[in-house]
1. Across segment 49-199, how many lysine pairs separated by 8 or more positions, or lying on different chains, have Cα atoms within less than 27 Å?
2. Restricting attention to segment 99-151, which GluC sites (Glu not before Pro) occupy a DSSP loop and are surrounded by at most 14 other Cβ atoms within 10 Å?
3. Go ahead and run the numbers for FRET between Leu119 and Arg52, Cβ-Cβ distance against an R0 of 22 Å, rounding to 0.05.
Amino acid sequence: MANEKKEEKKEQKKVKIILDNREQLVKDLLNEYDCVIEERQLPVGDFVLSDRVLIERKTAADFVQSILDGRLFNQLIALRQVQRPVLVLESDEFNERITKNALRGALGSIAIDYQIPILWTKDAKETAGLLYQIAKREQLGKKREVSIRVKRKFRTLEEAQEFLVAGLPSVSTTLARRLLTHLKTPEKVFTASEEELKQVQGIGNELVARFKNILKSEYKRGSEEKKNRKIRKVITKQDKKL
């Protein structure tokens, strides 16, 4: 019985990392750590480590390419929607497609103009270790929650509607657009019948069941937190007796 309690307590202390579904290499490396991994299609960044820390990961080659094609600075603007954005750069071996002065200028702009810190790692394995340590510090040290919702400034009403619907589980922006195209308004998406939802490509029985469970279940965070605090107190007392 005591061992079961210890296992439950240990499980409660696991950190959680939400990552973009394109980050398969780092995901495989994170499996070596004692953490919970959740894949999502993230609208901004590559890794969510807490409600304030969002990581954008770039290899040296991707970093150079994003400077040349102009993607980098749009991504930096999006990153600044969160309280603590971080850019992780893997490797310092930049190719000859960019001059040293252009590279230094970009790094200076990131740090000074955009005020985004840059952390350097030598490879994906080192990146995985860095992500785990930051997540551990945020969630276990600072007691912060993990959130994938970032504050956004919407240019259009349609963007705001898509963002709202994409908050449902396993709903990407693409699927949100399909739902809105078929049902016309977010209100109709949230109040649609099971049959209406299943008429949309990509929506099946399992997803509909998850939607309905979220929309119809009573919100109980306060009572659940009190219950969990009581459980932790009991576990602590039992551990001290052992």
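1. 22
2. On the way: sites: Glu126, Glu138, Glu145; in loops: Glu145.
Of the GluC sites (Glu not before Pro), the ones in loops of segment 99-151 whose Cβ has at most 14 other Cβ atoms within 10 Å are Glu145.
3. On the way: r = 16 Å, r/R0 = 0.72.
It comes out at approximately 0.90.
Laboratory data are not the source of any read-out in this text; all were calculated from the coordinates shown. Everything numeric here is computed off the predicted structure, so don't read it as measured data. Don't worry about glycine lacking a Cβ; one is built from the backbone with ideal geometry, like all the others, and counts go over all protein chains shown.
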